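The values are calculated or read from the model by the stated rules, or taken from the named source; none is laboratory data. What you are looking at is a predicted structure, and each value in this text was computed from that prediction instead of being measured. Cβ coordinates were reconstructed from backbone atoms using ideal geometry, including for glycine residues, and neighbour counts include every protein chain displayed. Remember, those area values only see protein heavy atoms, side chains included, never the ligands or the DNA or RNA. Shrake-Rupley method; radii C 1.70, N 1.55, O 1.52, S 1.80 Å.
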Amino acid sequence: MPSRRSLLAQILAAPLLAASARAGGSAAEPSLPPTPVMGQMHQVDIQGFAFQPATLTVAPGDTVVFTNRDAAPHTVTADSGAFDSGRLATGQTIGMSFNARGDYSYYCALHPRMRGSITVA
Ligand SMILES: [Cu+2]
């Protein structure tokens, strides 16, 4: 029956069409402004049971990369709960993008006296 065969063909073709549409969309990204791609990278080292630098000002769209350079594990946890790196082992890195302006104070959940803040301005 021709109609059933064509229906089957459509079902088989659907995932391929969806995949190619996704690939085309991500390659072109016509709806995204270039700002997030152009954002700067900033580095915060976690070393000696401290965030270095402890205070940092970035622009909207910038990314802050936290690297744990201590032998002990640490976290990067926002006071507000807006972000939480989870446990970072020695040498582990996590990048966080900041898009909304504001002050983001954070601490280490394992060593709460470790504090830092990011200002997005
Ligand atoms: Cu810690």
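Residues with amide H under 5 Å of Arg115's amide H, sequence separation 5 or more or different chain, H placed in the peptide plane at 1.01 Å from N; which?
Those lying under 5 Å, H to H, from Arg115 are Phe51.
What are the ³J(HN,Hα) values, in whole Hz, obtained from phi via the Karplus relation 6.51 cos²θ - 1.76 cosθ + 1.60 with θ = phi - 60°, for each residue of the stretch 74-80 in sequence order, with x given for Gly and Pro?
Per-residue couplings from phi come out as 9, 10, 10, 10, 6, 4, 7 Hz.
So, R0 is 30 Å and r is the distance between the beta-carbons of Thr119 and Ala71; what FRET efficiency does that work out to, to 0.05?
That pair, Thr119 with Ala71, gives E of 0.50.
To the nearest 10 Å², what's His111's accessible area with a 1.4 Å probe?
We get 50 Å² for His111.
How large is the Kirkwood hydrodynamic radius of the stretch 56-121, counting all unique pairs of alpha carbons, in Å?
12.0 Å is the Kirkwood radius here.
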